[in-house]
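Worksheet: the structure to be examined is printed underneath.
The values are calculated or read from the model by the stated rules, or taken from the named source; none is laboratory data. Just so it is clear, the model here is predicted, and its values are computed rather than measured. Cβ sites come from the backbone with ideal geometry, for glycine too, and all protein chains shown count toward neighbours. Side chains included, ligands, DNA and RNA excluded: accessible areas come from the protein's heavy atoms. Shrake-Rupley method; radii C 1.70, N 1.55, O 1.52, S 1.80 Å.
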Amino acid sequence: MDVSGDDADHPSEAGSSQASKSVYKDPDDGRQRFLLELEFVQCLANPMYIHYLAQNRYFEDEAFIGYLKYLQYWQRPEYVKYIMYPHCLFFLELLQNANFRNAMAHPGNKELAHRQQYYYWKFYKNNRLKHILPRPLPEPAPPPPAAPAPAAPAVPSLAQMPSMGATAPAPPMQFLGQQGSALPKADMRNNVGDRRKRKY
């Protein structure tokens with residue numbers, strides 16, 4: 001009944017049971033961490049948020065700078081496919097530079113980055129399409145006509161057409177100013193000038 005003797009026979013099992021108790025096991029296999037890091041990285045696409053971080057001195061914390069370096073794994077192809085705002089990767093790269101981090105504390109630089117981002121979004125597609133789309137080939141000249149066209153059928157004369165009689169109804173709508181119209185055409189240019197009040 002020596003309990004210590006059993007532990008002495010299997011010291012590796014006793015050590016491994018203690019080690020397994022101290023190892024942290026993520027309950028959702030890292031899904032929550034993945035989503036939080038994805039959200040934070042995509043927030044970096046907003047120059048206003050980067051300005052907020054700079055104003056609140058997050059960029060002076062060495063641990064935060066290390067975290068930004070760690071987040072560069074999002075530039076790898078297996079992670080890039082989850083990014084919806086690709087500008088965040090550009091700003092993540094710029095945030096590795098201390099000069100950029102210090103410059104983003106100034107409101108003028110924040111506005112400049114925001115304006116440049118806006119113009120990029122506004123004109124990028126059109127500018128890119130100019131260089132990507134192939135130019136159309138010139139159309140070949142039309143071949144000369146091989147045979148003369150057949151003669152057009154003769155137009156019947158007024159005498160051959162059936163008469164419409166005097167009681168034919170008028171078209172449902174007549175255009176103003178047309179010959180035979182009962183309504184005179186109003187000239188709006190002259191009437192508008194008369195209605196305005198003149199201030200002297």
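In the range 102-119, which residues are in a helix (DSSP H, G or I) and open to solvent by less than 30 Å² (accessible area, probe 1.4 Å)?
Taking the range 102-119 and keeping what is in a helix (DSSP H, G or I), we get 102-103, 107-119.
Once the filter is applied, which keeps residues that are in a helix (DSSP H, G or I) and open to solvent by less than 30 Å² (accessible area, probe 1.4 Å), the range 102-119 yields A113, Q117.
Taking each residue of the range 60-88 that is surrounded by 11 or more Cβ atoms within 10 Å (Cβ to Cβ) and looking for partners that are among the polar types (S, T, N, Q) with beta-carbon atoms closer than 6 Å, six or more apart or interchain, yields Y85/Q42; C88/Q42.
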